[in-house]
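Q: Please read through the structure below; I'll follow up with questions.
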Amino acid sequence: MKRIKFVLTSVMVCACSLNMQGQSVQTPTMDLYDTGMMNMYLQSARETAARRYENYIHYGDLAVEACARKQWSSTIYYVNEALGTGYYNGILYYFRGMAYENIGNLSAAKKDYKMAEKLGYVEASEALVALKAKMKSRK
């Protein structure tokens with residue numbers, strides 16, 4: 001019975017597809033491969049990368065200052081902005097993890113501590129062990 005259903009379904013699909021028309025696709029023109037356009041794109045990418053890196057440093061510094069003042073929501077905001085630039089390091093994930101831990105979002109803190117540890121930030125390993133013990137004691 002299953003085989004008959006499969007065959008009938010296959011026949012119906014084939015019959016329905018006979019009325020379909022293929023789409024016409026235009027081939028790319030040489031304008032897409034213009035070296036002037038490619039050079040402009042590369043120049044733009046270089047300039048953007050420099051600006052993104054400046055923003056990364058700026059927001060990273062603000063995150064450190066906010067963390068030192070124990071302004072946890074500001075720390076999270078500035079770390080998110082810094083990471084949004086595409087640059088990252090373990091210290092930022094550690095600070096955001098510390099902020100999450102202090103506001104009570106332990107699962108997010110654990111995730112950030114793991115990422116910081118993965119990126120080679122040693123203090124994150126210790127914080128992760130302490131956080132796991134804290135999470136066990138709450139259960």
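The values are calculated or read from the model by the stated rules, or taken from the named source; none is laboratory data. Source: prediction; values computed, not measured. Cβ: placed from backbone, ideal geometry, glycine included. Neighbour counts: every protein chain shown.
Q: From THR27, THR9, which residue is at pLDDT below 85, of a type in the set (S, T, N, Q) and not in a loop (DSSP other than H, G, I, E, B)? Break it down into steps so the answer makes sense when it comes.
A: Numbers: THR27 fails: not in a loop (DSSP other than H, G, I, E, B).
Exactly one of THR27, THR9 is at pLDDT below 85, of a type in the set (S, T, N, Q) and not in a loop (DSSP other than H, G, I, E, B), namely THR9.
Matching residues to (1) within 25 Å of SER107 (Cβ to Cβ); (2) charged (D, E, K, R); (3) over 17 Å from the mean Cα position of the chain (by Cα):
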| site | (1), (2), (3) |
| --- | --- |
| GLY36 | no, no, yes |
| ASN39 | no, no, yes |
| ARG52 | no, yes, no |
| LYS70 | yes, yes, yes |
| GLY90 | yes, no, no |
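Q: Which of the residues spanning the stretch 72-87 are more than 20 Å from SER107 (Cβ to Cβ) and either surrounded by fewer than 18 Cβ atoms within 10 Å (Cβ to Cβ) or among the hydrophobic types (A, V, I, L, M, F, W, C) (or both)?
A: SER74, GLU81, ALA82, GLY84, GLY86, TYR87
Q: For residues in the stretch 57-67 being closer than 16 Å to GLU101 by Cβ and over 20 Å from the mean Cα position of the chain (by Cα), which is surrounded by the most Cβ atoms within 10 Å (Cβ to Cβ)? Full working, then the answer.
A: From the stretch 57-67, those closer than 16 Å to GLU101 by Cβ are 63, 66-67; that's our starting set.
Among the residues that remain, those that are also over 20 Å from the mean Cα position of the chain (by Cα) are: 66-67.
Details: ALA66: 20, CYS67: 23.
Result: CYS67.
Q: Scan the stretch 116-132 for residues that are in a helix (DSSP H, G or I) and surrounded by 19 or more Cβ atoms within 10 Å (Cβ to Cβ) and jot them down. It would help to see each step written out before you state the result.
A: Here is the first cut: in the stretch 116-132, the residues in a helix (DSSP H, G or I) are 116-118, 122-132.
Residues satisfying the conditions are ALA116, GLU117, ALA124, ALA127, LEU128, LEU131.
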